[in-house]
Amino acid sequence: MIEVELKARVGDREGLLGALEGLAGGREEVYEDTYYDDVGRALARGERELRVRTVRGAEGAVSVLTYKDAPVEVVSGSKPEYETRVGDAAGVDAVLRGLGYVPTIRFEKRCRNYAFERGGLRLFASVVEVPELGETFVEVETLVADRDRVAAALEVVRAVLADLGVVREAFTNESYTDAVAARRAGASGADSRTGE
C-alpha cells in the first residue's frame, strides 16, 4: 500500500477541530515514536524509515512496527508503507538491534484523530502537537494500492484540507524527525555556548 499524505501547519487550532468534529468524532491518542537506522544511516540516505510506534489511548496501548520505502511522489513525499501490530515493543527493539539497527531519534506526538470517507477513499485526519516543536499540524492521509492511484488520492486529500480552511502556503514537507532533531541540535548548541 502507498500512504498518500499531506501535512500543514495550523494557525486556528480550535476552528480546525470544529470543522473536523463536523466530519467525524475524534479520539485523543499519544504516539511514542522510535526511529531506527544502521550506523551508516543507509535508510535515511535512501529516504526510507523504520519505526516502532506505541499508541496510547482510551482503550489502552498498541505497538506497531512500520517500514516506509522511498517516496513515489516528490511533492507530497507519498511512500509505500508496510506495518504490523506487535505484541512487545521491547522485544521488537531487541530484534532490530540484533539486526544492526539502532534508535536514531525518539519523540512524542499528541494527536486528535478522525476517520471518514470522501471521494470513495477512507481518510484519516490527525491534529498533531509535538511538545518539543511548540506548533500544531494537521495531516490528512489515505492508502492506495498502487502508484497509478496516487495523483487522484492527492486531489481528494487537497480538497479535504481546503474544506478545512487550510491554505496551500501552510503545507510542509518537513518531517517531524528532522524538525525535532534540528530543535535538539539547536538546544545543544545553545547550551554549549552558554555553559548550561
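The values are calculated or read from the model by the stated rules, or taken from the named source; none is laboratory data. As the structure is a computational prediction, the values presented were derived from the model and not from experiment. Heads up, the Cβs are rebuilt from the backbone with ideal geometry, glycines too, and the neighbour counts pull from every protein chain shown. Side chains included, ligands, DNA and RNA excluded: accessible areas come from the protein's heavy atoms. Shrake-Rupley method; radii C 1.70, N 1.55, O 1.52, S 1.80 Å.
A few remarks follow.
- Using all pairs of distinct alpha-carbon atoms, the Kirkwood hydrodynamic radius of region 123-174 works out to 12.3 angstrom.
- Label point distance in nm, ALA24-ALA145, each placed 7 Å from Cα along Cα→Cβ: 2.1 nm
- Rounded to the nearest whole angstrom, the semi-axes of the ellipsoid equivalent to the chain, taken from the Cα gyration tensor as √(5λ), stand at 27, 21, 18, largest first.
- Most mobile of GLU81, GLU174, GLU139 in a GNM of the chain (Cα contacts under 10 Å): GLU174
- Formal net charge of residues neighbouring VAL86 (Cβ-Cβ distance under 12 Å; K, R +1; D, E -1): 0
- Helix-only [θ]222 nm of the chain, DSSP H runs n ≥ 4, -39500 (n - 2.57) each, per residue, nearest 500: -8500 deg cm²/dmol
- Cβ-derived FRET efficiency at R0 45 Å, ARG9 paired with LEU99, nearest 0.05: 0.80
- The per residue volume of the convex hull around the alpha-carbon atoms of region 77-183 is 147 Å³.
- Within the chain: Cβ-based charge dipole about Cα centre, in debye rounded to nearest 20 (Lys, Arg +1; Asp, Glu -1): 220 debye
- Residue order for GLU59, GLU21, GLU29 - accessible surface, 1.4 angstrom probe, largest first: GLU59, GLU21, GLU29
- Within the accessible area of the chain, the carbon and sulfur atoms contribute 50%, probe 1.4 Å, all protein chains present.
- In the chain, taking the dipole from charged Cβ atoms about the Cα centre, the farthest positive-side position among ALA44, ALA58, PRO71 is held by ALA44.
- Taking the Cα atoms of region 17-65, the ratio Rg/Rh between the radius of gyration and the Kirkwood radius comes to 1.19.
- Under Stokes-Einstein, with the Kirkwood radius over Cα pairs as Rh, the value for region 1-97 at 10 °C and 1.306 mPa s is 101 µm²/s.
- By the combined test of axial Cα extent (at least 18 Å) and Kyte-Doolittle hydropathy (mean at least -1.0), the qualifying DSSP H helices of the chain come to 150-163, 176-194.
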